[in-house]
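Q: Before I ask anything, here is the structure I am working with.
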């Protein structure tokens with residue numbers, strides 16, 4: 001099971017820069033976060049193509065998650081004010097936990113690789129639909145991980 005972010009829908013142009021993975025140019029924590037989430041979607045799609053059909057591969061597009069009251073109260077006043085509307089509309093940790101359990105245990109979860117928090121199939125980001133980009137990422141991952149022939 002892979003966990004992505006609903007925030008990826010705000011970055012439809014995002015692509016993994018395979019030739020610049022270790023570059024500090026243009027680095028920001030936000031870019032690094034969304035690149036890692038895109039890589040998870042891409043890897044999930046690639047893995048689903050490589051495993052037998054009786055093996056389920058799921059990637060959940062997680063929305064904002066509601067902060068518990070103690071954590072919310074501990075935020076600076078400005079952050080509380082900015083985050084309050086988002087927190088009010090956010091999914092509860094319990095509802096997302098139920099999504100994770102269903103994705104891991106339900107036979108229906110095998111019908112779609114990329115799902116939302118309500119178990120509905122959603123369109124993968126553009127880069128995850130690009131087989132050449134997925135193949136480049138897969139090759140880089142194989143190289144970084146070393147010999148993984150035992151896995152197949």
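The values are calculated or read from the model by the stated rules, or taken from the named source; none is laboratory data. Computed from a prediction, not measured in an experiment: that's the story for all the values here. Reconstructed Cβ throughout: ideal geometry from the backbone, glycine too, with neighbour counts over all protein chains shown.
Q: Looking at residue 124, is it assigned to a loop (DSSP other than H, G, I, E, B), touching a residue at least 40 places away in the same chain (Cβ under 8 Å), in contact with a strand residue (DSSP E or B) (Cβ under 7 Å, 6 or more places away or on another chain) and surrounded by 11 or more Cβ atoms within 10 Å (Cβ to Cβ)?
A: Yes.
Q: Has the stretch 128-147 got any residue that is in contact with a strand residue (DSSP E or B) (Cβ under 7 Å, 6 or more places away or on another chain), at pLDDT 85 or above and surrounded by 12 or more Cβ atoms within 10 Å (Cβ to Cβ)?
A: No, the stretch 128-147 contains no residue that is in contact with a strand residue (DSSP E or B) (Cβ under 7 Å, 6 or more places away or on another chain), at pLDDT 85 or above and surrounded by 12 or more Cβ atoms within 10 Å (Cβ to Cβ).
Q: Return the only residue of 40, 15 being surrounded by 12 or more Cβ atoms within 10 Å (Cβ to Cβ), assigned to a helix (DSSP H, G or I) and in contact (Cβ under 8 Å) with a residue 24 or more places away in the chain.
A: Being surrounded by 12 or more Cβ atoms within 10 Å (Cβ to Cβ), assigned to a helix (DSSP H, G or I) and in contact (Cβ under 8 Å) with a residue 24 or more places away in the chain holds for just one of 40, 15, which is 40.
Q: Which one of 67, 82, 78 is farther than 22 Å from residue 45 by Cβ, free of Cβ contacts under 8 Å to residues at least 60 places away in the same chain and not in a helix (DSSP H, G or I)?
A: Selected residue: 67, the only one of 67, 82, 78 that is farther than 22 Å from residue 45 by Cβ, free of Cβ contacts under 8 Å to residues at least 60 places away in the same chain and not in a helix (DSSP H, G or I).
Q: Okay, next question. If you go through the stretch 46-62, how many residues are crowded, with 16+ Cβ neighbours inside 10 Å and assigned to a loop (DSSP other than H, G, I, E, B)?
A: Residues in the stretch 46-62 being crowded, with 16+ Cβ neighbours inside 10 Å and assigned to a loop (DSSP other than H, G, I, E, B): 3 in total.
Q: Of everything in the stretch 85-107, what is closer than 15 Å to residue 120 by Cα and either in a helix (DSSP H, G or I) or at pLDDT 90 or above (or both)? Give them in sequence order.
A: Answer for the stretch 85-107, where residues must be closer than 15 Å to residue 120 by Cα and either in a helix (DSSP H, G or I) or at pLDDT 90 or above (or both): 95, 96, 98, 99, 100, 101, 102, 103, 104, 107.
Q: Test residue 125 against the stated conditions and say whether it is out of contact with any helix residue (DSSP H, G or I) (no Cβ under 7 Å at 6 or more places or on another chain) and either at pLDDT 90 or above or on the phi < 0 side of the Ramachandran plot (or both).
A: No.
Q: For residues in the stretch 18-37 being farther than 17 Å from residue 135 by Cα and touching a residue at least 24 places away in the same chain (Cβ under 8 Å), which is surrounded by the fewest Cβ atoms within 10 Å (Cβ to Cβ)?
A: Across the stretch 18-37, the extreme among qualifying residues is 33.
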